[in-house]
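The values are calculated or read from the model by the stated rules, or taken from the named source; none is laboratory data. Nothing here was measured: the structure is a model prediction, and the numbers come from that model. Reconstructed Cβ throughout: ideal geometry from the backbone, glycine too, with neighbour counts over all protein chains shown.
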Amino acid sequence: MKKPVVNPFFGPICPLDKFFCAPTRVPISVGPLRLPRSPAEKRAAGVLTTAPARGILAGIEKQQRRCRPRRAGSAFFVWVSKKQAPGRGLSPCPADLGQHPTARRCPRSRCAVAGKKRKQGGKHRPDEEGSTVNTVREVFGSMVFGDEVMRERLPRETYLALRRTIREGRSLGRENQALADVVASAMKDWAVEKGATHYTHWFQPMTGITAEKHESFLAPTGEGAAILEFSGKELIRGEPDASSFPSGGLRATFEARGYTAWDPTSYAFIKDDTLCIPTAFCSYGGEALDKKTPLLRSMEALSCQAVRVLRLFGDQTTQRVSTSVGVEQEYFLVDERLYDRRPDLKYTGRTLFGAKAPKGQELDDHYFGALKARVKGFMEELNTELWKLGVYAKTEHNEVAPSQHELAPIYTTANIAADHNQLTMETMKKVARRHGFVCLLHEKPYAGVNGSGKHNNWSLRTDGGQNLLDPGDTPRENAQFLLFLCAVIKGVDDYQDLLRASVATAGNDHRLGASEAPPSILSIFLGDELTAVLQAIERGERYDGGGRGELKGGVHVLPRIPLDNTDRNRTSPFAFTGNKFEFRMPGSALSISGPNTILNAIVTESLAQFADELEGAEDFDQALAELLARTVKEHRRILFSGNGYSDDWVEEAQRRGLANLPSAADAIPCFLREKNISLLAKHKIYSEVELRSRVDILLENYAKVLSIEAQTMLEMARRDILPAVSRYTGQLCAAVNAKRAVSPALSCRCEEKIIDRLAALSGCFAEVVETLEEALLETKNCADLEACARHCREKVFPSMQKLRAVTDEMETLTAADCWPYPSYGQLLFSE
């Protein structure tokens, strides 16, 4: 079979006489591949400039919105008559889509070839000659400059040197310039072959999202021409303008210089025809201005102390211990047309008004339910796009609330997991738009239904592949496992305020403790058997439990299932789940770098104290037994197996002396407690200056978020809601007058009752609007950022809640055609 010509705008193109689908129809690719816009692009694409051709190209986007296109993988096709077809620049027939990079299936009802195969009783397959099947294995990592690509393209000595750098967690400095030049050249050649024209140092500033500054590979030759170049210096270090990124006072606005440094442990990748190089970001003075740098520091500190402990148990081979992380990302999907009619969703990411729908999540019928067709299509394309970027997307399902879903990847090293999660959130938003959705990552986009979290599954793994939190078959006899387990317990108890502060955001305040997510009080759930083991250790007794039991299903045809040593407690904020800890407090929009940095730091300190004590012991076994017993006794208050949602637990936690920090305004200042500053400075994770800058950034962001939400509420209230209610009240008054004009005896009780209630609510509405305005103005008089954050929490936010309560009641009394915004019922059930 003759291979199709590659078109720069449409992908493969083929002669029309060979690729008709049905006698008079041909497919035109309309998305996500970009259509040629300018005349020059159209000429390059080979599109004829006839009137029918121009009409097709001009109307493609309109057809895509109005028609239901046939889908083939992540590409869409609109079917037009043969007479209207431009004749060139067309995507191939779905019968031969095996050659198309986005092809996955054939729309059989339109394809003559498929119909022929079906009549023959066989399945339709692309022609075997010159075609390949687009499998997951071929797609995965296709846009990543990973180990396989490096092994193929780099000289052996360069490859081995780079692998050593990655394995040992070191950076490439100027002394490795020659090595960097070789890597950069190979990386550039690979990227150009993939269609990239630019590169960027991809970093994670304190905004919570990623940042990019694109540079082309072009370099002038001095003769009016240009060549493609990419040097090792450009790979290792960049110099973006740092003046407009949050710095918390680390540098003044006029001090614009900042540096990005390549992180070779995280592979480069291609996104939107740009080579993205994961980097750290720091100021001219060397202070960290990003979230990646402290995470890398914490991983290095934890590895150092963990190896010290392993040496005490006779492990002389392990050179490095890394943290392994898997993130469960929850999100909502909403129809794009409805989203565009909600200013609150566009400005703040959550609904600031909205009366409860008649049906929500009460029937539990959405959780793990069958995926709807449009959602399934979105998830299929999302998986494909993530797999191309090397993201280990594995699990997907419906969550509890309507229109809520979850995606979970396979575990990987913490800094790579952080990069992958940022890519996942960005890709979700892009792919959702292609399917007519908007992806909502706010922790609480809708009141009255579950919010979205980001469960952070954390464990420790040696460079030999051993999971240090895996108890094996007999955890009660596994002293090494118990020591690492106690290190985590001690760290969480000693620094519970710090761990709580690491997930503190304005959005997460709506979710924590709302009978859908863990409370804002830290506690650890271990399960029945491990709890019993620790109790036996505390008493100095040998645990003689029965070990694993069997879970009996009560039906003879079902097998007996081995019972895990730990059940699952969904109300626990920090639960041991077999061979890892699941930290359930992070919100869905949060970067996981911050929580994992703090989690690494507190465990590092525990391991350091354990190593200091055990290294000088004369009798290691006796010292270890005493250490474990003392640790359990001193920190058993943090262990809790009950219902974390109950009010009884709040009282019990207070009796135990556990910290209760219900809001971000309460939690964020805890970073600056003396013990927390000392911890992070001791292990060189944050300097005191860096830590204070982050507190300023977080407090300022908290106040800004609430201010934006309050201003949005005021604008919606004045410009849309009050006029709508007044208009509807006028209609009711007119109806009453019309009835009475016909006959004074006609009953107007229903209309009068609604009029009276709306009039009373309108008066209350005006008062609350005025109160909110005053509270918002008072933020300008606050003495410092902490005072401003507390004022927003104590004054602004309660006024917002009152305004919402009044408005939501008015919505229930106002006719649907008069209310200016889509209702909760429309938003939640728009899929």
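Suppose the filter is assigned to a helix (DSSP H, G or I), β-branched (Val, Ile, Thr) and over 22 Å from the mean Cα position of the chain (by Cα); does VAL307 pass it? Taking the combined requirement at face value, the residue satisfies it.
Restricting attention to the range 304-321, the residues that are in contact with a helix residue (DSSP H, G or I) (Cβ under 9 Å, 6 or more places away or on another chain) and under 18 Å from THR413 (Cα atoms) add up to 7. All of (1) assigned to a helix (DSSP H, G or I); (2) among the hydrophobic types (A, V, I, L, M, F, W, C); (3) surrounded by fewer than 21 Cβ atoms within 10 Å (Cβ to Cβ) hold for ALA418 with one exception: (3).
ARG433 fulfils the conditions (1) more than 14 Å from the chain's Cα centre (by Cα); (2) outside any helix (DSSP H, G or I) except for a single criterion, (2). Within the range 650-689, the set of residues being part of a helix (DSSP H, G or I), crowded, with 19+ Cβ neighbours inside 10 Å and either at pLDDT below 95 or over 28 Å from the mean Cα position of the chain (by Cα) (or both) comprises ALA653, LEU679. The one condition from (1) assigned to a loop (DSSP other than H, G, I, E, B); (2) closer than 26 Å to SER663 by Cα; (3) among the small types (Gly, Ala, Ser) that ALA789 does not meet is (1). Condition first: among the small types (Gly, Ala, Ser), within 29 Å of ALA355 (Cβ to Cβ) and touching a residue at least 12 places away in the same chain (Cβ under 8 Å). Can you find one or more residues in the range 739-753 that meet it? No: the range 739-753 contains no residue that is among the small types (Gly, Ala, Ser), within 29 Å of ALA355 (Cβ to Cβ) and touching a residue at least 12 places away in the same chain (Cβ under 8 Å). Name every residue in the range 587-645 that is polar (S, T, N, Q), assigned to a helix (DSSP H, G or I) and modelled with pLDDT of 95 or more, in order of residue number. Result: SER593, ASN596, THR597, ASN600, THR604, SER606, GLN609, THR631.
In the set LEU333, LEU386, only one residue is surrounded by 21 or more Cβ atoms within 10 Å (Cβ to Cβ), within 22 Å of the chain's Cα centre (by Cα) and within 26 Å of LEU296 (Cα to Cα); that residue is LEU386.
With the structure loaded, tell me whether LEU714 is in contact with a helix residue (DSSP H, G or I) (Cβ under 7 Å, 6 or more places away or on another chain), assigned to a helix (DSSP H, G or I) and either exposed (fewer than 14 other Cβ atoms within 10 Å of the Cβ) or not β-branched (Val, Ile, Thr) (or both) or whether it fails that test. Here the answer is yes, as LEU714 does meet what is asked. Could you list, in sequence order, the residues of the range 509-543 that are modelled with pLDDT under 80 and buried (at least 23 other Cβ atoms within 10 Å of the Cβ)? Those that are modelled with pLDDT under 80 and buried (at least 23 other Cβ atoms within 10 Å of the Cβ): ALA517, PRO518.
For the range 713-731, state whether one or more residues are farther than 30 Å from VAL769 by Cβ and in the same structural domain as GLU770 (by TED's automatic domain parsing). Within the range 713-731, not a single residue is farther than 30 Å from VAL769 by Cβ and in the same structural domain as GLU770 (by TED's automatic domain parsing). In the set (1) under 18 Å from SER452 (Cα atoms); (2) at pLDDT below 95, GLY349 fails one condition alone, (2). Out of all the residues in the range 591-623, which are among the aliphatic types (A, V, I, L, M) and within 27 Å of LYS291 (Cβ to Cβ)? Hits for the range 591-623 are ILE592, ILE598, LEU599, ALA601, ILE602, VAL603, LEU607, ALA608.
Being out of contact with any Gly (no Cβ under 9 Å at 6 or more places or on another chain) and closer than 22 Å to ARG341 by Cβ is the filter here; which residues of the range 432-476 pass it? If the condition is that a residue be out of contact with any Gly (no Cβ under 9 Å at 6 or more places or on another chain) and closer than 22 Å to ARG341 by Cβ, then ALA432, ARG433, GLY436, PHE437, VAL438, CYS439 are the ones that fit.
Counting the residues of the range 363-403 that are under 30 Å from PRO278 (Cβ atoms) and either touching a Phe, Trp or Tyr at 6+ places or on another chain (Cβ under 7 Å) or among the aliphatic types (A, V, I, L, M) (or both) gives 11.
Number of residues in the range 563-580 that are touching a Phe, Trp or Tyr at 6+ places or on another chain (Cβ under 7 Å), within 18 Å of LEU468 (Cα to Cα) and at pLDDT 65 or above: the value is 4.
At least 1 residues being β-branched (Val, Ile, Thr) is the threshold, and among the strands (runs of 3 or more DSSP E) wholly inside the range 146-225 those reaching it are 198-202. Would the range 347-360 turn up any residue that is of a type in the set (Val, Ile, Thr), farther than 30 Å from LEU599 by Cα and outside any helix (DSSP H, G or I)? Yes: the range 347-360 contains one or more residues that are of a type in the set (Val, Ile, Thr), farther than 30 Å from LEU599 by Cα and outside any helix (DSSP H, G or I). Within the range 186-201, none of the residues are among the small types (Gly, Ala, Ser), closer than 27 Å to GLU300 by Cα and either modelled with pLDDT of 90 or more or in the same structural domain as ILE270 (by TED's automatic domain parsing) (or both).
The numbered conditions (1) at pLDDT 95 or above; (2) of a type in the set (Asp, Glu); (3) assigned to a loop (DSSP other than H, G, I, E, B) are all true for GLU774 except (3). Within the range 346-377, being surrounded by 13 or more Cβ atoms within 10 Å (Cβ to Cβ) and among the aliphatic types (A, V, I, L, M) holds for LEU352, ALA355, ALA357, LEU371, VAL375.
All of ALA357, ALA288 fail the test of being touching a strand residue (DSSP E or B) at 6+ places or on another chain (Cβ under 9 Å) and at pLDDT below 95, apart from ALA288. Whether a residue is at pLDDT 95 or above, in a helix (DSSP H, G or I) and surrounded by 19 or more Cβ atoms within 10 Å (Cβ to Cβ) was assessed, and VAL503 does not pass this test. Of all residues in the range 738-751, those satisfying the criterion of being part of a helix (DSSP H, G or I) and surrounded by 11 or more Cβ atoms within 10 Å (Cβ to Cβ) are ALA738, LYS739, ARG740, CYS750, GLU751. Within the range 187-221, the residues that satisfy the criterion of being within 26 Å of the chain's Cα centre (by Cα) and of a type in the set (Ser, Thr, Tyr) are TYR199, THR200, THR207, THR210.
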